Structure formats: structure tokens, C-alpha cells
């Protein structure tokens, strides 16, 4: 993946968006995700402006491995703090340029993601978006049973994602917003001269005191809105 020359900070440290000529993957992928959540009722709970869409370079040039990932920025049920054994924790907060808290990190691993067939790319996008909690509170969608992330069957989960991706295509979205997915990573590089996008560092757990945990929980807007 082409390395941009002059990155600048967005919001707080942790989000970097390069300034460069070439193809802005984050911009185009955000637009595509926005169209999906606007058209598909099953994804209508998602505010894409609070999802940090970013890229990461795949360490190995292989068709196997992680293609995309979704990282929740909150704990269970959107709680801003969590106790693990005898220690309380919170997470690093992520904001965009306007100061809005980002509740999820949606990351695509390049070039691996772009080298999949079109249908698999669309299914992968929906797969990750479907992980977002119906309450859009920074937590994951939790299914019943031990395998709460993918329900009892990974195959059924993937089939549902594929079905939603197909529904989206049948709604005839503008061809221009997903045309880039018809190309391989090499094609995009050749056409645009390079590929770049926002990079987000993996958030860290921060140990805090019980007093500080109580203060954060009391002042949290998401939890307060749920209780009222």
C-alpha cells in the first residue's frame, strides 16, 4: 500500500488521515457504508458518522487472513467502564474532527480485502456492520449462547450477511458508490497512482480507580439516555 507523505491528526491522537494524491479508500468506503445503512432497514440503527472507517496494511500478501474487523469502543451494553477482577477499566476515547465520539472502529486490511471477488467484498462489509449493537451504544450485537458474536452458527451468520448484501444490490444503489470494489488493489493503484486512507491505532484499556469509574459512568451520555 502506498505510504502517504504527510499525515495529519484528526480529532484526538489515534486517528490519522493522510494528505496525498491518489485514491482515498476511507472516503469511498464511508460513502458506501452510509448508503447501505440508509437503504437497509436491518442496518438503519447505525450512525455511520460515529464509526471510524480506516485501513491497515496486511502484513502478508496472502489471500488468507483477516479482511476486515469491527472494534467496539465500549463494554457490555455500552458501559464506559468495566470491572475485571479487582480492577476497573475504561477505554481510550476516539473523536472525529468535530469532537464527536466514535463508537466503533471499522478497519479494512489492504491489499487483501480489495483482492476478493465483488460479492465477497460486499458480504464482508455487511458482516462487520451487522456486528454493531441494535442499540448503537458502542457494544457488539450479542446473540444467545456462548458464541454471542456470530450466534450459534458462523455459516448462518455469513449467509445472513450475504442476503443483506444482495438485498442492497437489488435496491439499485448508484453504481458510482461501489464501482471501486470491482477493481483489485493493483488496479486501483494503477488507475489513481496510489491508495491511502485513515489509520487508527488500536485503543488501549486504561486502568482507573473505583472512584474515577463511578464518575465516568455517572457522566456518560449513552448510559444516561438509556435510563431515561
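Before moving on, here are some points about what is shown:
- Projected label points at residue 142 and residue 118, each 7 Å from Cα along the beta carbon direction, are separated by 4.0 nanometres.
- Ranked list, fewest to most other Cβ atoms within 10 Å of each Cβ, for 125, 48, 191: 191, 48, 125
Coordinate-derived values only; no laboratory data. Since this is a predicted model, take the numbers as computed values, not measurements. Backbone-built Cβ (ideal geometry, glycine too); neighbour counts: all protein chains shown.
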